[in-house]
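Please treat every number below as a calculation from the coordinates, not as lab data. Given the structure is predicted, the values throughout are model-derived calculations rather than measurements. When we count neighbours, we look across all protein chains shown, and the Cβ atoms used for this are built from the backbone with ideal geometry, even at glycine.
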């Protein structure tokens with residue numbers, strides 16, 4: 001029985017590794033800025049191109065799942081990912097990079113909307129939150145590996161861009177594995193949804209609070225991802241390659257936090273956990289505004305990664321459990337909130353260009369964390 005469970009859940013969890021590919025956007029924006037001599041505002045258009053797709057395609061994906069099923073929707077996302085990963089090799093220009101990351105954004109949107117609900121087909125009730133956290137752990141491993149794969153491609157293969165075909169091959173493996181795995185899905189001809197019915201869920205105050213929590217959480221995640229190397233280059237005079245390890249430090253501790261969260265969330269209240277970690281995040285970001293020491297900056301990246309590692313799974317599982325009969329629609333709605341990864345870095349870019357310092361970027365990230373702190377206490381009074 002256990003073997004049957006693992007044979008079903010492992011290919012789904014491996015899909016979270018593909019989900020982590022979107023986090024290579026931080027490394028890419030840093031390299032693209034250097035390669036084409038761009039400003040912060042222009043280089044941050046890379047994450048804008050990727051994460052704006054979550055705003056456009058999340059709800060349609062939730063509707064699409066009702067028509068073709070969750071597994072087929074996941075497979076569709078993998079096909080688009082493979083196409084996106086080969087585009088930068090055809091011609092390396094800023095425009096092609098934007099197109100490639102827009103396609104990756106579409107693929108990742110489809111994957112994030114469909115993969116979490118697909119877990120509910122192989123995981124039973126009380127295990128959902130910890131399994132979503134396990135999926136985030138796998139995603140964090142992927143995010144952590146990104147800078148090292150890029151560094152390997154640059155030093156051993158001669159070009160950091162070879163990270164893209166490596167990702168394409170990994171995606172192909174995931175596709176074949178999932179295709180070979182039988183997964184039972186409930187089919188209902190009554191599951192008809194529309195844009196209006198999906199967005200009407202925001203009338204539920206608890207879902208609205210959780211939705212905005214996703215918006216600002218992803219803003220923090222992508223914000224730290226994109227700003228981490230730039231802060232080290234500005235304050236410590238590090239090179240592009242060396243500064244990228246700041247991103248690795250962040251993802252390493254986010255990975256560790258996800259691993260720890262798998263068993264902590266199975267034993268302790270997610271709401272209490274949420275409050276404690278958001279307080280730590282706010283304090284860490286306040287510190288990051290002022291410090292200039294290299295070791296201290298790396299330490300703050302570690303603290304932030306550890307603190308926010310499990311917040312997404314907490315917010316997402318709360319939303320799914322509040323209205324389980326609307327799982328597909330809520331998944332689409334919640335993943336729409338990932339567009340915060342497009343808005344926040346763009347605002348960060350303008351802030352840093354305006355003030356001539358990455359302090360502007362950190363302040364924007366801090367404001368996002370302040371909302372999460374509000375969310376952590378406000379959601380306690382709601383039915384979620």
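Of the listed peptides 365-371, 106-112, 150-156, 133-139, what is their order by residue-averaged count of other C-beta atoms within 10 Å, with the highest listed first?
106-112, 133-139, 365-371, 150-156
Rg/Rh for the range 231-358: what does it come to with C-alpha atoms and Rh from Kirkwood?
Numbers: Rg = 17.1 Å, Rh = 16.6 Å.
Expressed as Rg/Rh, it is 1.03.
Based on the alpha carbons, how large is the Rg to Rh ratio for the range 81-165 when Rh follows Kirkwood? Could the numbers behind the result be given before it?
Working: Rg = 16.1 Å, Rh = 14.8 Å.
Across the range 81-165, the Cα-based Rg/Rh ratio is 1.09.
Between rounded, prolate and oblate, where does the range 285-384 land on the alpha carbon gyration tensor, with a ≥ b ≥ c its root eigenvalues, rounded for a/c under 1.5, else prolate if a/b exceeds b/c?
Prolate, since a/c reaches 1.5 and a/b exceeds b/c.
What full-extension length gain, to one decimal in nm, is calculated for residue 202 and residue 271 as 0.36 nm per residue of separation minus the Cα-Cα distance?
Values: separation 69, 0.36 × 69 = 24.84 nm, distance 2.06 nm.
My answer for the length gained is 22.8 nm.
Go ahead and run the numbers for FRET between residue 148 and residue 236, Cβ-Cβ distance against an R0 of 30 Å, rounding to 0.05.
With R0 = 30 Å, the Cβ-Cβ based efficiency is 0.90.
Can you give the Kirkwood hydrodynamic radius of the range 332-381 from its Cα pairs, in Å with one decimal?
On the way: mean 1/r = 0.0828 Å⁻¹.
Answer for the range 332-381: a Kirkwood hydrodynamic radius of 12.1 Å.
According to the Cα gyration tensor, what semi-axes, each the square root of 5 times an eigenvalue, does the equivalent ellipsoid of the range 15-72 have, listed from largest to smallest in whole Å?
Largest first, the range 15-72 gives 31, 13, 6 Å.
Taking the Cα-to-Cβ direction at residue 176 and at residue 195 and moving 7 Å from each Cα, how far apart do the two end points lie in nm?
Between residue 176 and residue 195, the simple spin-label model gives 4.0 nm.
Counting pairwise Cα distances across the chain, what percent come out greater than 29 angstrom?
Numbers: 27074 of 73536 pairs.
Distances greater than 29 Å cover 37 percent of the Cα pairs.
Past the 23 angstrom mark, what percentage of all C-alpha to C-alpha distances in the range 150-261 do you count?
Here the tail beyond 23 Å accounts for 61 percent of pairs.
How long are the semi-axes of the ellipsoid equivalent to the range 1-139, from square roots of 5 times the Cα gyration tensor eigenvalues, in whole Å, largest first?
31, 15, 13
Using 0.36 nm times the number of residues separating residue 374 and residue 72, minus their current alpha carbon distance, what extension gain do you get? Don't jump to the answer; show the numbers that get you there.
Numbers: separation 302, 0.36 × 302 = 108.72 nm, distance 3.78 nm.
That pair, residue 374 and residue 72, stretches by 104.9 nm at full extension.
Just to be sure I understand the model, the point goes 7 Å from the Cα along the line to the Cβ. What's the resulting residue 34 to residue 283 distance in nm?
So the label points at residue 34 and residue 283 sit 3.5 nm apart.
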